[in-house]
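Take a look at the structure set out below.
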Amino acid sequence: MSQVLPRGGTVLLACIAGTAIANNYAIQPALTAVAADLDVPASVIGLVPTAALVGCMFGFAFLLPLTDHFAPGRLVTAQLGALAAALVLAASATGPVPLLAAYLLIGASAGVAAQAGNIAGRHAPPGRRGRGVATVAAGMSAGILLSRLAGGALADIVGWRRMLLVFAAIALLGAIAALTLLPGRRPRPDRGYRTALASLPPLLRHHPQLRRAVVTGGLWYFAFNLIWVALALTLARPPHSLDPTAIGLYSLAGLLGFAALPITGRLTDRYTPRTVITACMLTAAAGTALLATGLDSPPATALGLALFDAGCFAAQAANQSRVIALDPHRSGSLSSVYLVLYFTVGALGTALAAPLLDTVGWPDTALTAIAALLLAAALGRTPSAS
């Protein structure tokens, strides 16, 4: 029997998940400042979020299964220590190559956020597994939503390098807390680490609905990253010329998506994930259409982002519930496959954001995101996706 988390353990895991995953996004409002500091084009620095996502995919693929083999206290502590070291490397980068390499490590270490959810479910008290996983998911969502605001504000106050050092200190505090509070007993896996990794690819072949979930989820995550990275770059340029704090404030619009998460669970149980996902994609597309009309009106921009984020966050919750329902006994492996491919497609969005923005401008970049969202809505309507 798994060792039960101590009092406050689930909340700690939620905080760790949120502060860890935030490192994939906190740098985005300051990308223009980073480019100026390193004297490189914005299109090059636009690859930083891509590097973070690529690293995160590596973490999901190769580090997430480690929760079956190592004690949570030691595993989470080690990854948070590695995250802190990677952030220090990024803060001391003197060129784009070291910075990108550091963000590969940051992304891989930030994958501890997914491990936190797995640990919360495995070590939850009897009858409280769902609540534990949901608490960590809420922490992750809060980290994603508030990361740009915190990163932008800190970059304005102390500079982007010291901002990264602040996040490194937070990671170290989390590591100390994890070593102190999380279970120290090593689990007894039913298969070896290599066997567990080898069993992941066949899941995609054996579950057609998993493939459909990957495609639909990947499409809206592509749109999510495309919009947010392109938005940060657009708002930093003339005629807007906003500072990182002002850009980060727009992330508060995503609180609507965070507030929608509890409602999404009830709607998914009542109307099926397929129906919820379709409605969410249409909501996100409507918000993106509002953004495509221009960014001159802050209230209109905030409303567009609120609808966009609410649709994407709620759809993700419904899609993950669909993945878990395929085989609850192998939900960890199924989620690993889903998240790796989900982030792969999302990384394309971050990689294309800067060059697409430079080539076609903001309105057409937003229209590209709308096309991806509408395609996801169309795929979500098919009966095989339910």
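Just a few scattered comments:
- The convex hull defined by the C-alpha atoms of the chain has an orientation-averaged projected area of 17.1 nm².
- The gain in end-to-end length when the residue 40 to residue 286 segment is fully stretched comes to 85.0 nm, 0.36 nm per residue minus the alpha carbon separation.
- With K and R counted +1 and D and E -1, the other residues having a Cβ less than 15 Å from that of residue 231 yield a net charge of -3.
- Inter-probe distance in nm under a simple model that places probes 7 Å from Cα toward Cβ, at residue 360 and residue 94: 4.0 nm
- Theoretical gain in end-to-end length, residue 195 to residue 300 [0.36 nm per residue, Cα-Cα removed]: 32.7 nm
- Of the residues 344, 216, 288, the one that moves most in a GNM of the chain with alpha-carbon contacts below 10 Å is 344.
- Charge dipole (debye, nearest 20) of the chain; +1 at Cβ of Lys and Arg, -1 at Cβ of Asp and Glu: 1680 debye
- Most positive-pole-ward Cα, 303, 252, 187, against dipole of the chain from beta carbon charges: 187
- Solvent-accessible surface of region 1-139, averaged per residue with a 1.4 angstrom probe and all protein chains in place: 36 square angstrom.
- Percent RCO, i.e. relative contact order, over region 1-95, from Cα pairs under 8 Å lying at least 6 residues apart: 24 percent
- The chain: relative contact order in percent, alpha carbon pairs under 8 Å with at least 6 residues between: 25 percent
- Listed residue (347, 379, 168) projecting farthest to the positive dipole end of the chain, Cβ model: 379
- Only Lys, Arg, Asp and Glu carry charge here, each on its Cβ (+1 for the first two, -1 for the last two); on that basis region 36-181 has a dipole of about 560 debye about its Cα centre.
- For residue 63, net neighbour charge (Lys/Arg +1, Asp/Glu -1) across residues whose Cβ lies under 15 Å away: +1
- Accessible-area composition of the chain, carbon plus sulfur, in percent [1.4 Å probe]: 67 percent
- Ranked by the mean number of other Cβ atoms within 10 Å of their residues, highest first, the peptides 355-367, 77-89 come out as 77-89, 355-367.
- Cα centroid separation - region 239-253 against region 11-64, whole Å: 18 Å
The values are calculated or read from the model by the stated rules, or taken from the named source; none is laboratory data. Since the model is a prediction, treat every value here as computed from it, not as a measurement. Using ideal geometry, Cβ is built from the backbone for each residue, glycine included, and neighbour counts are taken over all protein chains shown. Areas reflect the complete protein model, heavy atoms only, side chains present, ligands, DNA and RNA absent. Shrake-Rupley method; radii C 1.70, N 1.55, O 1.52, S 1.80 Å.
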